[in-house]
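Have a look at the structure below, then the notes.
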Amino acid sequence: MTSPLNTEPNIADPDDFYAALVDLHRNLSATESRMVDAKLILLLTNHIGDRAVLDAAMALARSGIGPQK
């Protein structure tokens, strides 16, 4: 089965985006940084809106990390 998730490079100037992402966390505590990440995840989740894409992204993100459920 083909995944609905696009995992191919798909962002213009990825280095610039990465720098902006790092800068987003600058001068934040660990707790504040996790809050920013959570807010960003929820905003992008709402923007995507497609449950199949979101489920595929969650599965891929969890793959190989910690005990599996």
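Bear in mind these aren't lab numbers, they're just calculated from the coordinates by the rules spelled out. Computed from a prediction, not measured in an experiment: that's the story for all the values here. All Cβ positions, glycine included, derive from the backbone under ideal geometry; neighbour counts span all protein chains shown.
By the Kirkwood approach, averaging reciprocal distances over each pair of separate Cα atoms, the chain gets a hydrodynamic radius of 14.2 Å.
If R0 equals 25 Å, the separation of the Cβ atoms of residue 62 and residue 27 corresponds to a calculated FRET efficiency of about 0.25. The angle between the Cα long axis of helix 14-24 and the main principal axis of the chain comes to about 50°, on a 0 to 90 degree scale. The angle between the Cα long axis of helix 30-48 and the main principal axis of the chain comes to about 40°, on a 0 to 90 degree scale.
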